[in-house]
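Below you'll find the structure, written out as structure tokens, and then a few comments.
The values are calculated or read from the model by the stated rules, or taken from the named source; none is laboratory data. Keep in mind the model is a prediction, meaning the values are calculated, not measured. In this analysis, Cβ positions are derived from the backbone assuming ideal geometry, glycine residues included, and neighbour counts consider all displayed protein chains.
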Amino acid sequence: MYSVGEHVVYGTHGVCRISEITTMQFGIENKEYYVLSPVSDPRSTIFVPVDNEVLLSQMRPVLTKEEIDEMLCSIIPGSQSWIASDAERKEFCQTTLKSGDCLAILRMIDMLYVHQIEMREQKKHFHVTDERFLREAEKLLHDEFSFVLGIPRTEVVSYIGDKVEKSS
């Protein structure tokens, strides 16, 4: 069970602070909820039932700096093969984002980024759907990294580049 004041990552909402744990009545039933405040939009509120395993599975503790560094050192740039089928790639990206697995998301970003560069070099357009998945994945990862590392979001890319370069 999580505690009030703790920071978690919740699905595609990113880093959230557990602002309270409260009981609410719906009809005759009382249910306990985590009340989450997204760090990127503190005016928003998310209610997650404490007893709903499906929704709870989308919530995890934020990474530590050590976990981030370890993950970045394990990445081999360009190792994720491009998925040529638009439908398969869309399914892969949706599943990866929903999983909340930072390493898988990082690999997906690498795959999309490498392809984006190849398209630019060939003077072709990067698919709009791929661009959307890339931006969504970067936002999730960069927001968490920025929060954990205590650096501005704009410095996350160079932090990642430095760590990956040093490990290669």
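Summary of computed values
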item	result
Qualifying position, being in contact with a Leu (Cβ under 7 Å, 6 or more places away or on another chain) and of a type in the set (V, I, T), among I117, I83, I46	I46
Every residue from the range 80-93 that is surrounded by 12 or more Cβ atoms within 10 Å (Cβ to Cβ) and out of contact with any helix residue (DSSP H, G or I) (no Cβ under 8 Å at 6 or more places or on another chain)	E91
Count of residues meeting criterion [touching a residue at least 60 places away in the same chain (Cβ under 8 Å), over 17 Å from the mean Cα position of the chain (by Cα) and either within 19 Å of V62 (Cβ to Cβ) or part of a helix (DSSP H, G or I) (or both)] in the range 144-168	4
Residue that is surrounded by the most Cβ atoms within 10 Å (Cβ to Cβ) [pool: residues in the range 129-168 that are of a type in the set (F, W, Y) and closer than 19 Å to I75 by Cα]	F145
Unmet criterion (only one of (1) over 20 Å from E136 (Cβ atoms); (2) free of Cβ contacts under 8 Å to residues at least 60 places away in the same chain; (3) surrounded by 14 or more Cβ atoms within 10 Å (Cβ to Cβ)) for H7	(2)
Residue under evaluation P77, criteria (1) out of contact with any Ser or Thr (no Cβ under 8 Å at 6 or more places or on another chain); (2) at pLDDT below 95; (3) part of a loop (DSSP other than H, G, I, E, B); (4) surrounded by 11 or more Cβ atoms within 10 Å (Cβ to Cβ), criterion not met	(1)
Any hit, the range 18-40, residues being outside the structural domain of F147 (by TED's automatic domain parsing), at positive phi, within 16 Å of the chain's Cα centre (by Cα) and of a type outside the set (F, W, Y)	no
Flag for I105 being modelled with pLDDT of 95 or more and crowded, with 18+ Cβ neighbours inside 10 Å	no
Residue in the range 57-64 that is among the polar types (S, T, N, Q), closer than 30 Å to I117 by Cβ and under 18 Å from the mean Cα position of the chain (by Cα) present	no
Inter-residue pairs, beta-carbon under 8 Å, first touching a residue at least 24 places away in the same chain (Cβ under 8 Å) and in the range 84-98, second of a type in the set (D, E) and surrounded by 12 or more Cβ atoms within 10 Å (Cβ to Cβ), 6+ apart	R89/D130; C93/D130; L97/E136
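Residue by residue, here is whether (1) of a type outside the set (G, A, S); (2) in a strand (DSSP E or B); (3) loosely packed, with under 15 Cβ neighbours inside 10 Å; (4) modelled with pLDDT of 95 or more holds:
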residue	(1), (2), (3), (4)
T12	yes, no, yes, no
R17	yes, yes, no, yes
M24	yes, yes, yes, no
K31	yes, yes, yes, no
Y34	yes, yes, no, yes
S37	no, yes, no, yes
D41	yes, no, yes, no
S44	no, no, yes, no
